[in-house]
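Data block below; observations after.
The values are calculated or read from the model by the stated rules, or taken from the named source; none is laboratory data. Just so it is clear, the model here is predicted, and its values are computed rather than measured. Positions of Cβ are backbone-derived with ideal geometry, glycine not excepted, and every protein chain shown enters the neighbour counts. The area values use the complete protein model at the heavy-atom level, side chains included, leaving out ligands, DNA and RNA. Shrake-Rupley method; radii C 1.70, N 1.55, O 1.52, S 1.80 Å.
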Amino acid sequence: MKLLMIEDNHSVSQMMSMFFKKEQWDAQFAYDGNEAVEMFAAAPNDWDMVTLDLNLPGMDGMQVSAEIRKLSPTVPIIMLTARDSESDQVLGLEMGADDYVTKPFSPITLIARIKALHRRAELGPISKTDAAPLNDTESFDVVTENFKLNTKTREAYLNGRQIQDLTPKEFDLLKTLAQKPRQVFSREQLLQLVWDYEYYGDERTVDAHIKKLRQKIEKVGPQIIQTVWGVGYKFDDSGAN
């Protein structure tokens, strides 16, 4: 794994460097926002993971996340933040991060989060020459009236149009909902099913990812993720034709 850690605290970077070496990861470090964007932009397709501190000199973490997302819509991003405000965490997720870890953190916890996110990212889209034909329904794990999803290729289609640039978490969230059309999932259920760990009741994490997912769905067709007020969310493509 090639990892970019964006962290202005040299002590934290040095500590994590030892853990990254133990995992045999190729980790590189940036210490301010401008340097981070330059490093990522030099080879945006080469990075497998980004860890990003929010409190950075030069360009803050929110801006860095937005710039990285312009260069790579799908590279996994984990925020590292000393801010314990729920609104800051949700804003970071809405700006493009896939996950967050609150400082101070255990290096072992961060390594576990990186591995969990990377496992999903490794199952990313394969080349179009290997993709299953849309009319070959047996190649898709989820097939409804207007929607198809292939877990192997990590591709989802609405009315024959691919929903582009889904991050690992967004794809898993869409899959979880689509596997049981019209079943209502609470935010707590989605946290347990989509995330590999507890978010200690931080249900707005789900809302932030649903918001990003909906924006990508709306680029190709009608909205298929419905809100059930006071309960949660459901997948319903019955009116999407």
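For the range 1-96, with equal point scatterers placed on the C-alpha atoms only and solvent neglected, what are the log10 I(q)/I(0) values from the Debye formula at q = 0.10, 0.22, 0.23 1/Å, to two decimals?
Log10 of I(q)/I(0), two decimals: -0.23, -1.14, -1.23.
Given Ile163, Gln192, Gly33, which one lies farthest toward the positive end of the charge dipole of the chain, if we put +1 on the Cβ of every Lys and Arg and -1 on the Cβ of every Asp and Glu?
Final value for the positive-end residue is Ile163.
Using alpha carbons only, how many degrees (0 to 90, rounded to 10) separate the axis of helix 61-71 from the longest principal axis of the chain?
With both axes taken from Cα atoms, the answer is about 60 degrees.
Quote the FRET efficiency, to the nearest 0.05, computed for Gln14 versus Lys211 with a Förster distance R0 of 30 Å and r equal to the Cβ-Cβ distance.
Working: r = 36 Å, r/R0 = 1.22.
Here the calculated transfer efficiency is 0.25.
Once both labels are modelled 7 Å past Cα along the beta-carbon direction, what's the Leu193-Gln226 spacing in nm?
1.6 nm
In deg cm²/dmol and to the nearest 500, what is the mean residue ellipticity at 222 nm of the chain if only DSSP H runs of at least 4 residues count, each as -39500 (n - 2.57), divided by the residue total?
Taken over the chain, the calculation gives -11500 deg cm²/dmol.
Once amide H atoms are built 1.01 Å from N in the peptide plane, which residues 5 or more positions from Ile6, or in another chain, come under 5 Å H to H?
Ala30, Thr51, Leu52, Asp53
Once Lys and Arg get +1 and Asp and Glu get -1 on their Cβ, which of Phe105, Pro73, Ser17 lies farthest toward the positive end of the dipole of the chain?
About the Cα centre, the residue reaching furthest to the positive side is Pro73.
How large is ³J(HN,Hα) for each residue in the range 217-225, as worked out from phi by the Karplus curve 6.51 cos²θ - 1.76 cosθ + 1.60 (θ = phi - 60°), to whole Hz, x for Gly and Pro?
Values per residue, Gly and Pro as x: 5, 5, 6, 10, x, x, 6, 10, 9 Hz.
Starting from 0.36 nm per residue, how many nanometres of slack lie between Ile111 and Asn34 once their C-alpha separation is accounted for? Write out the running numbers ahead of the final one.
Working: separation 77, 0.36 × 77 = 27.72 nm, distance 2.52 nm.
Gain in length upon complete extension: 25.2 nm.
State, to one decimal in nm, how far the label point of Leu91 lies from the label point of Lys219, with both points 7 Å from Cα in the Cβ direction.
2.4 nm
Please compute one quarter of the surface area of the Cα convex hull for the chain and express it in square nanometres. Kindly include the intermediate steps, with their values, before the conclusion.
Values: hull surface 52.0 nm².
With the hull built on Cα positions only, its mean projection is 13.0 nm².
Please find, in a Gaussian network model of the chain (springs between Cα atoms separated by less than 10 Å), the residue of Lys216, Lys148, Lys21 whose mean-square fluctuation is greatest.
Looking only at Lys216, Lys148, Lys21, the largest GNM fluctuation is found for Lys21.
Could you give the size of the charge dipole of the chain about its Cα centre, using +1 on the Cβ of each K and R and -1 on the Cβ of each D and E, expressed in debye and rounded to the nearest 20? Don't skip to the end; give the middle numbers.
Values: 28 positive and 37 negative charges, 123 e Å.
Value, rounded to 20: 580 debye.
At 0.36 nm per residue, and after removing the present C-alpha to C-alpha distance, how many nm does the segment from Gln24 to Arg161 gain when stretched out fully?
45.4 nm
If I fit a long axis through the Cα atoms of helix 33-42 and take the longest principal axis of the Cα atoms of the chain, what angle between them do I get, 0 to 90°, rounded to 10?
60 degrees
Per residue, how many Å² of accessible area does the range 1-55 show with a 1.4 Å probe?
Working: 2660 Å² over 55 residues.
On a per-residue basis, the range 1-55 sits at 48 Å².
Taking 0.36 nm per residue of separation and subtracting the Cα-Cα distance, what length does fully extending His118 through Ala43 add? Before the final figure, lay out the partial values.
Numbers: separation 75, 0.36 × 75 = 27.00 nm, distance 1.86 nm.
Between His118 and Ala43, full extension yields 25.1 nm more.
Kindly flag which residue pairs out of Lys2/Lys103; Lys2/Lys219; Lys152/Lys212; Lys103/Lys212 have an alpha-carbon separation exceeding 29 Å in this structure.
Working: Lys2/Lys103 23 Å; Lys2/Lys219 31 Å; Lys152/Lys212 22 Å; Lys103/Lys212 25 Å.
Where the Cα-Cα span goes over 29 Å, the pairs concerned are Lys2/Lys219.
Relative to the first principal axis of the alpha-carbon coordinates of the chain, what is the inclination of helix 168-178, with its axis defined by its Cα atoms, in degrees from 0 to 90 and to the nearest 10?
Compared with the principal axis, the helix lies near 20 degrees.
Based only on the alpha carbon positions, what is the Kirkwood hydrodynamic radius of the range 169-241, in angstrom?
Final number for the Kirkwood radius of the range 169-241 is 12.4 Å.
Considering only protein heavy atoms and a 1.4 Å probe, what is the carbon-and-sulfur percentage of the accessible area of the chain? The partial results should precede the final answer.
On the way: 5350 of 11370 Å².
On the chain, the fraction of accessible area on carbon and sulfur atoms equals 47 percent.
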